[in-house]
Amino acid sequence: MNLVIQAGDVSTPDLKALHAIAKGGAIERVGDGAFRITRADPSTRAAVSAHCAQAKLDWGFVDEGTKLSDFRLLAMDMDSTLISIECIDEIADFAGRKAEVAAVTESAMRGEIDWPESLKRRVASLRGLEENALGRVYTERLRFNPGAEQLIAAARKAGLKTLLVSGGFTYFTDRVRDRLKLDYAYSNVLVVEGGKLAGLTTGPLVDAQGKASHVARLKAELGISGGQVIAIGDGANDLPMMAEAGASIAYHAKPVVKAKAAYALDFSGLDGVLNLFPA
């Protein structure tokens, strides 16, 4: 297998040490701050992980020759994955309740509390807020995480379908879908009454199982296997979706997610996926 090492800065001593640990062949540069160690021994995974944790490097063992075009579907979470914010926390800021809501969000993402119940509580706290707060969050605060646009563009060029599946809200996912020209986007619908948020959602809930169901349905519709799916997320509610994918990637994620994902990107941008699976 190949061992891919990447981060903002990979020092020569660390690269040489990892080459020795992994019993590798050649060392090849694959991008800015990214290197491939060929013919690496995957049985050295634990030692590689320990060294990379100390050196603050991302790493991943990848079957030699694997390319982005070997996949058919890229499924992504939105909040804190494709974008840098949790939209519901920022909406709550306009209601003066950001700290309270963010604490619940963080606990839910760590898998400590029931996710549907946490969403119900957080949305209820927004009741009475002017609808225009959504527009302000989108224009003033929503930003893509580093490498997001490069990843989506490369996936589209390589022939992958792109799916945004979020426990957030359609107000944001629909706009992000159109802006990035994604194929599909699914999330929750906020109820608005008289220009104000009603503190409720409507329609099928896109929770952890909802996310997984959308991925499973698209796999069936496209006639593809899990091995042809890349899924990227950061919170516990992404785990069922990631279990549907052959390549599950924890992006700047909670420990419970990193523990179960095939790959983790803690120090790289989303374009780090392209170092694992070159276009």
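The values are calculated or read from the model by the stated rules, or taken from the named source; none is laboratory data. Note that this is a predicted model, so its numbers are computed, not measured. Backbone-built Cβ (ideal geometry, glycine too); neighbour counts: all protein chains shown.
Considering 154, 102, which residue is surrounded by 15 or more Cβ atoms within 10 Å (Cβ to Cβ) and over 20 Å from residue 234 (Cβ atoms)?
154
Counting residues that are more than 14 Å from the chain's Cα centre (by Cα), aromatic (Phe, Trp, Tyr) and outside the structural domain of residue 37 (by TED's automatic domain parsing), which strands (runs of 3 or more DSSP E) fully inside the range 168-279 reach at least 1?
Qualifying strands (runs of 3 or more DSSP E): 184-193.
Can you find a residue in the range 167-182 that is of a type in the set (Gly, Ala, Ser) and touching a residue at least 40 places away in the same chain (Cβ under 8 Å)?
yes
Table: residues versus (1) crowded, with 22+ Cβ neighbours inside 10 Å; (2) at pLDDT 95 or above.
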{"residue": "31", "(1), (2)": "no, no"}
{"residue": "40", "(1), (2)": "yes, yes"}
{"residue": "46", "(1), (2)": "no, yes"}
{"residue": "62", "(1), (2)": "no, yes"}
{"residue": "70", "(1), (2)": "no, yes"}
{"residue": "106", "(1), (2)": "no, no"}
{"residue": "110", "(1), (2)": "no, no"}
{"residue": "131", "(1), (2)": "no, yes"}
{"residue": "135", "(1), (2)": "no, yes"}
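What's the number of the condition residue 159 fails, among (1) touching a residue at least 24 places away in the same chain (Cβ under 8 Å); (2) in a helix (DSSP H, G or I); (3) surrounded by fewer than 22 Cβ atoms within 10 Å (Cβ to Cβ)?
(2)
In the list 247, 236, 231, 212, which residue meets the criterion of being buried (at least 21 other Cβ atoms within 10 Å of the Cβ), over 26 Å from residue 158 (Cα atoms) and among the small types (Gly, Ala, Ser)? Lay out the reasoning, then the answer.
On the way: 247 fails: over 26 Å from residue 158 (Cα atoms); 231 fails: over 26 Å from residue 158 (Cα atoms); 212 fails: over 26 Å from residue 158 (Cα atoms).
Selected residue: 236, the only one of 247, 236, 231, 212 that is buried (at least 21 other Cβ atoms within 10 Å of the Cβ), over 26 Å from residue 158 (Cα atoms) and among the small types (Gly, Ala, Ser).
Select from the range 186-201 the residues that are among the hydrophobic types (A, V, I, L, M, F, W, C) and surrounded by 17 or more Cβ atoms within 10 Å (Cβ to Cβ) and list them in ascending order.
To start, the set of residues in the range 186-201 that are among the hydrophobic types (A, V, I, L, M, F, W, C) comprises 189-192, 197-198, 200.
If the condition is that a residue be among the hydrophobic types (A, V, I, L, M, F, W, C) and surrounded by 17 or more Cβ atoms within 10 Å (Cβ to Cβ), then 190, 197, 198 are the ones that fit.
Which of the residues that make up the range 137-151 are exposed (fewer than 14 other Cβ atoms within 10 Å of the Cβ) and either in contact with a strand residue (DSSP E or B) (Cβ under 9 Å, 6 or more places away or on another chain) or in a strand (DSSP E or B) (or both)?
143
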